[in-house]
Every structure is written in structure tokens, then in C-alpha cells.
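First comes the structure, then the notes that go with it.
The values are calculated or read from the model by the stated rules, or taken from the named source; none is laboratory data. All values derive from a computational prediction rather than experimental measurement. So basically every Cβ, Gly included, is an ideal-geometry build from the backbone, and we count neighbours across all protein chains shown. Just the protein is used for accessible areas: all its heavy atoms, side chains included, with ligands, DNA and RNA removed. Shrake-Rupley method; radii C 1.70, N 1.55, O 1.52, S 1.80 Å.
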Amino acid sequence: MRHALTFAAIITALSAAPLFAEGLVRCAGKLSDRDFYRAVACEAKPGGACKLPTRKWFAPKRRNLTVAIKFISPRFPDRSRREIHNALLAATHEINAVGADLRLSYVTGTRADIEIFLSATATGGIVRDTGDRNVDGTNMETGSVARVTFFWQTHSGQITDADIVFSKDILSRDIRSVVLEELTQSLGFSTDIVNPYYTKRSIFSEDGNVVTTLRGQDAMALRTHYPLR
């Protein structure tokens, strides 16, 4: 059975109320590496059990994952389009530099494993007219400027493909952080952390869009999820 999970990025100016029943771990203070990894990979509270299965891109695909902008609405702001393009290049570089057993490539003019949709949809609206049946009809929750969905095989946890939708309302100041967050989460990380300690330290923080690099425990989580053999 093929399963999907969708989650969203929040405009930083809005309160960080949960948008979905799953996808948030609330905690306090710095977590151990083990608790941090389990929080973002399987929605486990510190010291607790996983709520979600572990999902990964399997070899050999994970060593040649492609990322492409598949759809651009004529009503999507041109400045935001350029900024997202540049942010995607920066994000693929960040992920590739972590030292995990995976590699991403930004491509054009072809189908990709992770496909990007630049939608004219406002926050709170329904995505339409992209031509992709997995994307059209999905809801951009109130306050969300991006949402990522990845699909995986239930029996194995193998991710097969992913899509990321950006709202026309995304702010320039948020783009680089949100793009890195969504691209990182498309690799199998479906949980955000609600914890003041991580607001300016982790790409997985629910409460801010300020982190633009993968360092510390963020990098550790990627290397743990995709260890070099």
C-alpha cells in the first residue's frame, strides 16, 4: 500500500498552532542527539515511543535524487520565483555537504523525484490548475506558505516521490529558510519541534523561519537517517 503524509510551513508572523493532528513534538531545552533524531524522524517525544514509521529514500535512488520546479503559475510573483530557484540551489548544496549517504541534483526540463509547484493559491486556499492530480485540490492551511507531501510504501517505508507547493504569499525574508526546511523534510522528516531552544538553532523549529544552514543536530539527523556505509 502506498501512503502519503502532508505537512506545512507557517508564516513566521502568525502563531504556531498545530495544523494537523500529527507532526509536532513539544518539549523543552536541548535534547540529546537520540531524542532529537527520533523527534524529527518518527514523532517520538523525548524518551518516548515512535508515533510514525521511519520513511527513507532507498539506495540507489537516494544517491541521485532529482529536484525540479514542475509548475509555475502565471500569477506567482516573479521575484519570489527567482528567489525560490536560488534557494533550491542553496538548499541542495547544504544537504549534499552534510556528509549523509544521499545526493540531490537540481534539474530542469524533466520529471524529478521531488517536484516543486509555485502556486497562485493564497494561504487558506485550495490549490488548483497545476495539472497534477496529487496536488490539485489540496488545502493550503490558513497561515501556511508551503506544504510538502511525500509518498512511501507502507510495508518497507521506502519513499517513492515527493512534491512541495509554495503559496504566492510566501515572504522574501522567509524563502531561503522555508525552502531548506521543506526540501529537508521531503527526505523523510515529517515532524516539527516546538521548543524555544531550537527556534534559531534548527530547521525543524515550528516557531521560526530563520535557519538557513544545516548544522549541529540538524546535520546529525540527516547523517543518522542516511549513514555512510
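Miscellaneous remarks
- Between the range 206-229 and the range 105-142, the alpha-carbon center distance in angstrom: 25
- Taking θ as phi - 60° and the Karplus parameters 6.51, -1.76 and 1.60, the scalar couplings of the range 154-159 work out to 4, 6, 10, x, 6, 6 Hz in sequence order, x denoting glycine and proline.
- Contact order for the chain, expressed relative to its length and based on alpha carbon pairs under 8 Å spaced 6+ residues apart, stands at 30 percent.
- Computed from backbone phi with θ = phi - 60° and the Karplus coefficients 6.51, -1.76 and 1.60, the 3J(HN,Hα) list for the range 180-185 is 5, 4, 5, 5, 5, 5 Hz; x is used for glycine and proline.
- Dipole magnitude of the chain about its Cα centre (Cβ charges: Lys, Arg +1; Asp, Glu -1), debye to nearest 20: 520
- Tensor-based shape of the range 108-229 (alpha-carbon gyration tensor, a/c under 1.5 rounded, otherwise prolate or oblate): oblate
- Close amide H contacts of ILE72 (hydrogens built in the peptide plane, cut-off under 5 Å, sequence separation of 5 or more or a different chain): LEU118.
- By a 1.4 Å probe calculation restricted to protein chains, HIS85 has an accessible surface near 60 Å², given to the nearest 10.
- By the beta carbon rule, with partners counted only under 4.7 Å, the chain holds these lone Cys residues: CYS27.
- The Cα center of the range 69-87 and the Cα center of the range 147-204 differ in position by 18 Å.
- Once both labels are positioned 7 Å from their Cα atoms along Cα-to-Cβ, the gap between SER156 and LEU171 label points is 4.3 nm.
- If R0 equals 41 Å, the separation of the Cβ atoms of ARG215 and ASP129 corresponds to a calculated FRET efficiency of about 0.60.
- Nearest-20 debye value, the range 106-224 charge dipole, Cβ charges on Lys, Arg, Asp, Glu: 340
- The string of couplings for the range 72-82 from the Karplus curve (6.51, -1.76, 1.60, θ = phi - 60°) is 10, 5, x, 9, 7, x, 5, 4, 5, 4, 5 Hz, one whole number per residue in order, with x for Gly and Pro.
- By definition, a body whose alpha carbon gyration tensor gives a ≥ b ≥ c is rounded when a/c is under 1.5, and the chain falls into this rounded group.
- Using a probe radius of 1.4 angstrom, the carbon and sulfur fraction of the accessible surface of the range 26-225 is 48%.
- A helix-only calculation puts the chain at -7500 deg cm²/dmol for mean residue ellipticity at 222 nm, using -39500 (n - 2.57) for each DSSP H run of at least four residues, averaged over all residues.
- Cut-off under 5 Å, modelled amide H: who pairs with ARG103 long-range: ARG63, ASN64, LEU65
- Solvent-accessible area per residue, Å², over the chain with all protein chains present [probe radius 1.4 Å]: 44
- Amide H contacts under 5 Å for GLY124: MET140, GLU141, THR142, GLY143, SER144, restricted to partners 5 or more places along the chain or on a different chain, H placed in the peptide plane at 1.01 Å from N.
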